[in-house]
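For reference, the structure is listed below as structure tokens.
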Amino acid sequence: MALEKINVGNIANDGTGDDLREAFIKVNDNFENLDTRFDTIPIEAENLGGSGQGLFVDKVDNTLRFKELLGGNNVTLTSNGTSVIINSTGGLDDFLILTDDGSITVDGSTFLGISGGEGIKTRTSLSNLIIDIQDGALKADGSPELSAPLNAANQNINSANSVTANSFIGPLTGLVHGVDVREISPYFEDFDFGDILPQFEHIIDYVVFSTDVDMGAFIGEEVVDFEIDLGTFV
């Protein structure tokens with residue numbers, strides 16, 4: 001229902017406006033209308049954080065109802081005129097820690113320590129926890145592998161036991177079976193291996209190989225086809 005407007009006339013006491021009784025009837029109706037509107041307006045609340053727990057519950061008549069804050073294990077709540085104070089006596093009761101291979105629950109009787117693994121050492125300095133690598137994490141790994149090409153940055157790789165590779169690029173220095181290949185390389189320069197001699201299985205092959213045969217000249221008035229079998233050249 002719309003609000004009713006009181007007619008006050010054109011000028012004072014001109015007799016054209018609402019009388020007092022009619023005017024106050026409209027006033028009462030307007031108040032009842034407003035009271036009805038407030039009772040039917042839904043009250044909603046939004047948790048501004050988005051991920052926490054909201055405190056508002058609902059509205060009953062003219063009362064907004066909120067959740068009660070309670071302290072858990074070793075936690076007490078106090079309040080003053082403007083604040084709610086949360087106190088923890090003796091620390092939290094339980095603290096769950098998850099790891100790659102299991103979990104642990106820290107309570108009032110459990111001490112949590114941070115220890116380094118193989119090749120790792122931990123220490124404290126003032127309020128800092130410092131993790132040091134001892135002798136290098138690569139040395140501590142029993143079977144290290146590379147996931148990308150190794151860049152030695154022009155540094156040497158020393159004390160290698162054996163090196164296996166599909167190929168080498170660039171000059172190599174060192175001993176091959178105890179011999180420095182740089183010392184014998186001059187002997188292979190301009191090396192004369194002599195003549196390459198054929199191998200024969202019997203004397204006939206040797207005679208045929210070492211004997212020059214002059215077939216002479218073929219002279220005639222007519223062209224004659226000749227077939228000569230020289231055997232097999234192996």
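Picking from 156, 80, which residue would you name as being modelled with pLDDT of 85 or more and closer than 30 Å to residue 173 by Cα?
The unique qualifying residue is 156.
Can you pull out every residue in the range 113-136 that is over 20 Å from residue 99 (Cα atoms) and of a type in the set (A, V, I, L, M)?
126, 133
Whether any residue in the range 74-82 is part of a loop (DSSP other than H, G, I, E, B) and under 32 Å from the mean Cα position of the chain (by Cα) is what I want to check.
The answer is no, given that none of the residues of the range 74-82 is part of a loop (DSSP other than H, G, I, E, B) and under 32 Å from the mean Cα position of the chain (by Cα).
Within the range 131-154, is even one residue in contact with a strand residue (DSSP E or B) (Cβ under 6 Å, 6 or more places away or on another chain) and either closer than 30 Å to residue 34 by Cα or among the charged types (D, E, K, R) (or both)?
Yes, because at least one residue in the range 131-154 is in contact with a strand residue (DSSP E or B) (Cβ under 6 Å, 6 or more places away or on another chain) and either closer than 30 Å to residue 34 by Cα or among the charged types (D, E, K, R) (or both).
With (1) closer than 30 Å to residue 46 by Cβ; (2) surrounded by 10 or more Cβ atoms within 10 Å (Cβ to Cβ) as the list, and residue 62 as the residue in question, which single condition is left unmet?
Status for residue 62: all satisfied but (2).
Looking at 88, 127, 147, which is the one that is surrounded by fewer than 10 Cβ atoms within 10 Å (Cβ to Cβ), closer than 30 Å to residue 52 by Cβ and polar (S, T, N, Q)?
Going through 88, 127, 147 in turn, the sole match is 127.
Here is a yes/no grid of residues against (1) in the same structural domain as residue 60 (by TED's automatic domain parsing); (2) out of contact with any Cys (no Cβ under 7 Å at 6 or more places or on another chain); (3) assigned to a loop (DSSP other than H, G, I, E, B); (4) at pLDDT 85 or above:
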position: 2; (1), (2), (3), (4): yes, yes, yes, no
position: 15; (1), (2), (3), (4): yes, yes, yes, no
position: 18; (1), (2), (3), (4): yes, yes, yes, yes
position: 27; (1), (2), (3), (4): yes, yes, no, yes
position: 31; (1), (2), (3), (4): yes, yes, no, yes
position: 37; (1), (2), (3), (4): yes, yes, no, no
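Are there any pairs, at least 6 apart or on different chains, whose C-beta atoms fall under 6 Å, with the first in the range 189-200 and surrounded by 10 or more Cβ atoms within 10 Å (Cβ to Cβ) and the second at pLDDT 75 or above and not in a loop (DSSP other than H, G, I, E, B), and if so, which?
From residues that are surrounded by 10 or more Cβ atoms within 10 Å (Cβ to Cβ), the pairs are 200/206.
Looking only at the range 7-40, which residues are among the β-branched types (Val, Ile, Thr), within 30 Å of residue 58 (Cα to Cα) and surrounded by 10 or more Cβ atoms within 10 Å (Cβ to Cβ)?
36, the sole residue that qualifies.
The values are calculated or read from the model by the stated rules, or taken from the named source; none is laboratory data. Quantities reported herein were computed from a predicted structural model and do not represent experimental measurements. Every residue, glycine among them, receives a Cβ derived from its backbone with ideal geometry; neighbour counts consider all protein chains shown.
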